[in-house]
1. Would a scan of the range 170-190 turn up a residue that is within 16 Å of ligand 3 (Cβ to nearest atom) and at pLDDT 95 or above?
2. Please enumerate the residues belonging to the range 80-96 that are modelled with pLDDT under 95 and of a type in the set (Ser, Thr, Tyr).
3. Report yes if residue 158 is hydrophobic (A, V, I, L, M, F, W, C) and either within 14 Å of ligand 2 (Cβ to nearest atom) or more than 24 Å from residue 124 (Cα to Cα) (or both), otherwise no.
4. Working only within the range 285-303, note down all residues that are closer than 16 Å to residue 315 by Cα and surrounded by 17 or more Cβ atoms within 10 Å (Cβ to Cβ).
5. Can you tell me which of 258, 273 is in a loop (DSSP other than H, G, I, E, B) and surrounded by 18 or more Cβ atoms within 10 Å (Cβ to Cβ)?
6. When you check residue 303 against the structure, is it in contact with an Asp or Glu (Cβ under 8 Å, 6 or more places away or on another chain), small (Gly, Ala, Ser) and either more than 16 Å from ligand 2 (Cβ to nearest atom) or within 17 Å of residue 213 (Cβ to Cβ) (or both), yes or no?
7. Take residue 323 and decide whether it is more than 16 Å from ligand 1 (Cβ to nearest atom), among the basic types (Lys, Arg), more than 15 Å from residue 252 (Cα to Cα) and touching a residue at least 24 places away in the same chain (Cβ under 8 Å).
8. Scan the range 241-255 residue by residue and report those that are touching a Gly at 6+ places or on another chain (Cβ under 8 Å) and in a loop (DSSP other than H, G, I, E, B).
Amino acid sequence: MASTMRMGISSLLSLATLLLISNTSVVLSDRCHRTDESALLAIKASVNIRQPSWTPGTNCCNWVGVQCNNTFGRVTFVYIDPSGRSGTIPSAVGDLPFLQTFMIRHHGGLTGQIPPAIGRLTQLTWLQLDHNSLTGPIPPSVFLLPNINYLDFTHNHLTGTIPPVIPANTPLTYLYLYNNHLTGTIPDSLGRTNIKTFYLSNNNLTGPLPASFANAKFQLLDLSSNPLTGDASLLFGAKKPLTSLLLSRNRLDFDLTNIVFPEGLQNLDLSHNKIYGSIPKQIAQLNFDGPTSFNVSYNKLCGKIPTGGLMGQFDQFVYIQNKCLCGSPLPPCRA
Ligand SMILES: *[C@@H]1O[C@H](CO)[C@@H](O)[C@H](O)[C@H]1NC(C)=O
Ligand SMILES: *[C@@H]1O[C@H](CO)[C@@H](O)[C@H](O)[C@H]1NC(C)=O
Ligand SMILES: *[C@@H]1O[C@H](CO)[C@@H](O)[C@H](O)[C@H]1NC(C)=O
């Protein structure tokens with residue numbers, strides 16, 4: 001009897017232990033990691049997130065715009081599209097050590113600087129802070145992130161220079177910096193990376209293109225509307241991977257006559273520069289993307305406009321305001 005009792009008690013005890021353990025595990029999987037939760041709540045307060053699901057004490061892995069790694073219960077993904085009042089990005093974003101994707105768009109409302117603490121996010125592959133009103137410099141630490149693949153800071157009010165130290169082996173592939181107020185020269189280190197898409201238009205970048213751009217891997221390059229000067233011929237060459245090259249509204253000054261266009265080039269805008277010489281005949285072999293995919297207007301070009309291939313689709317406005325271009329669709333050349 002007593003032994004049965006003892007057995008009963010010990011079974012009860014182990015049952016209670018089991019319950020305790022399972023209860024603990026329920027608590028663990030029901031709540032995200034506490035440091036992740038506090039980092040998200042700091043972001044919520046600073047950015048003014050109105051999303052009702054972002055409630056303390058609930059599992060933050062289920063909050064709208066948040067995803068976790070199920071194995072570890074750690075936050076890997078944050079996409080915030082806050083509405084309402086303006087706010088700033090807090091340094092607490094650096095306290096999400098498993099974060100891979102961070103996107104925050106406030107349609108002009110977010111002010112303040114990009115916190116350098118983002119440089120602590122060693123798992124980060126995707127950082128998208130476009131269409132805000134962020135000011136100040138680009139923190140050099142974002143270019144040192146060991147897993148970064150996609151950086152988008154477009155449509156902000158960023159100032160200062162592009163940080164010069166960008167490791168040649170960075171996994172960065174997409175770099176979008178257009179529509180800011182960046183100044184200084186384009187760092188030489190950028191041309192030694194494997195960046196394929198680089199948009200820098202509408203900034204205040206000065207000086208010549210870096211020499212490293214001669215061997216860069218760009219497929220889409222947009223440097224339009226900057227006061228860049230000098231020779232851009234180093235960007236050209238039959239085997240270059242460029243498909244889209246947009247250089248309009250700079251102060252580029254070089255001879256186009258002996259340029260060899262990249263074989264895969266589909267978009268070329270050289271308008272509003274100081275480019276001289278003639279248009280190489282090889283241009284007629286390019287597979288242009290459509291009637292708005294070519295423009296050499298407002299330069300200092302001269303000579304007969306090449307014909308053949310897809311050249312017939314372009315009207316006179318892609319050639320206007322040059323020194324002495326002639327032939328269809330402009331008036332005939334004088335013999
Ligand atoms: C969770 O993280 C581990 C370690 O980084 C990784 O191996 C695993 O694929 C991740 N799981 C998910 C669902 O992302
Ligand atoms: C470039 O600088 C000029 C002169 O300071 C300024 O007027 C202009 O707004 C700037 N443009 C951009 C895109 O920052
Ligand atoms: C070429 O550029 C000129 C000057 O900016 C513009 O007027 C014209 O519409 C452009 N043409 C095309 C086809 O983009």
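The values are calculated or read from the model by the stated rules, or taken from the named source; none is laboratory data. Just so it is clear, the structure is predicted and the values come from calculations on it, not from any experiment. No Cβ is skipped: glycine too gets one built from the backbone with ideal geometry, and neighbour counts run over all protein chains shown.
1. no
2. Correct list: 83, 86, 88.
3. In short, yes.
4. 288, 293, 294, 295, 296, 297, 298
5. 273
6. no
7. yes
8. Those that are touching a Gly at 6+ places or on another chain (Cβ under 8 Å) and in a loop (DSSP other than H, G, I, E, B): 241, 242, 243, 253, 254.
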